[in-house]
Amino acid sequence: MAGHIPTRDEAWQLLNEFNQGDSLIKHALAVEGVMRFMAEKSGEDPEVWGIIGLAHDLDYERFPDQHCAKTEELLRERGWPEEYVRAVISHGWGLCSDVEPRSLLERTLYAVDELVGFVTACALVRPSRSVMDLDVKSVQKKWKQKSFAASVNREVIEKGAAMLGVELSVMIQDVIQGMRAVAPRIGL
């Protein structure tokens, strides 16, 4: 990998430099947790996957109209490796980026990003307001209610699961497990 290999601390500082909103920072931490879980499950490097998960929405708060494009610019300015930049911007494929997710890391980020938001919404309507007692069946029940978390793009999630060749229920379970690992840090 060419370029400067960013550390988790550098990614965290960058995230906080461009984002003040609690919900976006918690979303980034949740995606990081899920990406680390998925990397371990796949025999990949959880540090690399986690850093990419943490940085994926770097530009969203300040530059929502330039989402992905601004992140690409910010990461290149800081000398991040091409593989990292490509992975981060591929999560917006078909929405705000024309970079199609190809590697396992890219397809995973694409698949889990929106699902993390959906699982978060499912956890927040539970009496416990937690992922610790959330199960796949509860998420699937909410999935069928189109008015629930209507802003979540279910089509992207389904396309992501298909790209990974996994059942949606398996992906939901993996996202719940990954979020449980960081539940105290994300307030769930």
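Descriptive notes on the structure:
- Restricting the stretch 1-54 to residues that are among the hydrophobic types (A, V, I, L, M, F, W, C) and free of Cβ contacts under 8 Å to residues at least 40 places away in the same chain, the residue that is nearest to Ile157 (Cα to Cα): Ala28
- Scanning the stretch 167-188 for residues being exposed (fewer than 15 other Cβ atoms within 10 Å of the Cβ) and not basic (Lys, Arg) gives a total of 4.
Residue-by-condition table, conditions (1) surrounded by 14 or more Cβ atoms within 10 Å (Cβ to Cβ); (2) farther than 20 Å from Ser103 by Cβ; (3) at pLDDT 95 or above:
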position: Ile5; (1), (2), (3): yes, no, no
position: Glu10; (1), (2), (3): yes, yes, yes
position: Leu14; (1), (2), (3): yes, yes, yes
position: Asn19; (1), (2), (3): yes, yes, yes
position: Ser23; (1), (2), (3): no, yes, no
position: Ala28; (1), (2), (3): yes, yes, yes
position: Glu40; (1), (2), (3): yes, no, yes
position: Cys68; (1), (2), (3): yes, no, no
position: Tyr84; (1), (2), (3): yes, no, yes
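- Test: residue in the stretch 138-150 that is assigned to a helix (DSSP H, G or I) and exposed (fewer than 14 other Cβ atoms within 10 Å of the Cβ): yes
- Single condition Cys96 does not satisfy, out of (1) touching a helix residue (DSSP H, G or I) at 6+ places or on another chain (Cβ under 8 Å); (2) free of Cβ contacts under 8 Å to residues at least 24 places away in the same chain: (2)
- Matching residues in the stretch 115-129 - criterion: being surrounded by fewer than 17 Cβ atoms within 10 Å (Cβ to Cβ) and among the polar types (S, T, N, Q): Ser128
- Sole exception among (1) over 15 Å from Phe118 (Cα atoms); (2) in contact (Cβ under 8 Å) with a residue 60 or more places away in the chain for Leu188, by number: (1)
Rundown of residues vs (1) at negative phi; (2) in a loop (DSSP other than H, G, I, E, B); (3) surrounded by fewer than 21 Cβ atoms within 10 Å (Cβ to Cβ), yes/no style:
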position: Leu58; (1), (2), (3): yes, yes, no
position: Glu61; (1), (2), (3): yes, yes, yes
position: Asp65; (1), (2), (3): yes, no, yes
position: Glu72; (1), (2), (3): yes, no, yes
position: Leu75; (1), (2), (3): yes, no, no
position: Gly79; (1), (2), (3): no, yes, yes
position: Ile89; (1), (2), (3): yes, no, no
position: Asp113; (1), (2), (3): yes, no, no
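- Members of the stretch 91-109 that are of a type in the set (A, V, I, L, M), surrounded by fewer than 22 Cβ atoms within 10 Å (Cβ to Cβ) and farther than 15 Å from Ala69 by Cβ: Leu104
- Any hit, the stretch 69-80, residues being under 17 Å from Ile5 (Cα atoms) and out of contact with any helix residue (DSSP H, G or I) (no Cβ under 9 Å at 6 or more places or on another chain): yes
The values are calculated or read from the model by the stated rules, or taken from the named source; none is laboratory data. Quick caveat: nothing in here was measured; it's all calculated off a predicted structure. Every residue, glycine as well, gets a Cβ built from its backbone with ideal geometry; the counts of neighbours run over all protein chains shown.
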